[in-house]
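The structure appears below as structure tokens.
Nothing in this text is a laboratory measurement; each read-out follows from the coordinates by a stated rule. Values in this document were obtained by computation on a predicted structure and should not be read as measured data. Counting neighbours? That spans all protein chains shown, and the Cβs are built from the backbone with ideal geometry, glycine included.
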Amino acid sequence: MPVSAALTAASRSQLLAALREADIDRYLALLLMPDSVRDDLLALMLFNAEIAAIRDRVRDPLPGEVRLQWWRDVLAGDRGEEAQAHPVASLLLEVIELRAMPVAPLIAMCDARIFDLYDDPMPDRTSYEGYAGETASSLLQMSAFLIDPAASSVTATASGHAGVAQAVAGHLMLLPISRSRGQVFIPGDLLSATGLDRDSFLAGDSKERATNAVRAFAGFGREHLAKARLASAEISSSVMPAYLPVALVESVLDLARKKGADCLTTSIRLPQWRRQMQLWRAARRGRI
């Protein structure tokens, strides 16, 4: 039985609305992905949205760690009443079972999200690549698996670089929020190269240095985007829909370079109609 058969029209509508509220860019991309696997992808994207939003829902790290542990337990096979009653968990478990989807990357996503619960600075670019690899990159790779399991066996490199670029764009858009919390996702070695550290970046005392840091971070994302595009030339067109969300990255990086230090106080998200147009064009082109 396909996973889509497990959802009623009403429950599907509710879950789509939940994704639209939590992550509108992936929701818009999902609407352009193959209908035959859309429910499977919906479950995966909602899981990602759930664990990514835990920091927003807790006041202290400990309850956040408890919630991440709950997800680990569910993924490891604890299918108690709470898991069966949870609309996202129950659908995700069906996808895992019916599609033989690997669980280890999903558990690793939970582990990586522990970093979000604390205000420790990102040490360096290598650490950031590891974090992005287990979050955004893993989500892209699992999406490719659900769309075409056979073709996804050679998409790891594209997913890896695309996920880092996508994570950079996301953190640039969220700079006002993360800065207000005392979080710094810009790698420490990039900050150091521009004469800053965590405290001076958060204080925003030097607009010039903050601008240089933002531009260096955007440049880091652009390097990975270029590598992702190069790697994507070697993969099957059948899995390209998995990478539709990456089509929004370049414009964010361009805006960040233009706005510089202003990104610390003002969101650089493009209007929804422009994001929809970018996704539609990417779907037509069939490439990142």
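Pick out, from Pro63, Cys110, Met277, the residue whose Cα sits farthest towards the positive end of the charge dipole of the chain, with +1 on the Cβ of Lys and Arg and -1 on the Cβ of Asp and Glu. Result: Met277, furthest along the dipole toward the positive end. Short-range pairs are left out: with C-alpha atoms under 8 Å and at least six residues apart, the relative contact order of the chain is 19 percent.
Each of Arg287 and Asp254 was given a label point 7 Å from its Cα along the Cα-to-Cβ line. The distance between the two points is 1.7 nm. Highest average first, the peptides 11-22, 242-253 ordered by how many other beta carbon atoms sit within 10 Å of their residues are 242-253, 11-22. Taking the Cα centre of segment 173-288 as reference, the dipole from Cβ charges on Lys and Arg (+1) and Asp and Glu (-1) amounts to some 580 debye. Here the chain is assigned +1 on the Cβ of each Lys and Arg and -1 on the Cβ of each Asp and Glu. Its dipole about the Cα centre then comes out at about 1260 debye. Relative contact order (percent) for segment 13-63, with alpha-carbon contacts under 8 angstrom and 6 or more residues of separation? Relative contact order here is 34 percent.
Evaluated over the Cα positions of the chain, the convex hull gives a direction-averaged projected area, one quarter of its surface, of 14.3 nm². Across segment 25-35, rounded Karplus estimates of 3J(HN,Hα) from the backbone phi angles (6.51 cos²θ - 1.76 cosθ + 1.60, θ = phi - 60°) give 5, 6, 4, 5, 5, 4, 5, 9, 8, x, 4 Hz, Gly and Pro being marked x.
Placing +1 on the Cβ of every Lys and Arg and -1 on the Cβ of every Asp and Glu, with no other charges, gives segment 15-91 a dipole of roughly 140 debye about its Cα centre.
Relative contact order of segment 119-288: 30 percent, from C-alpha pairs under 8 Å at least 6 residues apart in sequence.
Using only Cα coordinates, the Kirkwood hydrodynamic radius of segment 7-117 works out to 14.5 Å. Shown for the chain are the DSSP H helices of 30 Å or more along their axis, judged by Cα atoms, with a mean Kyte-Doolittle hydropathy of at least -1.0: 207-232.
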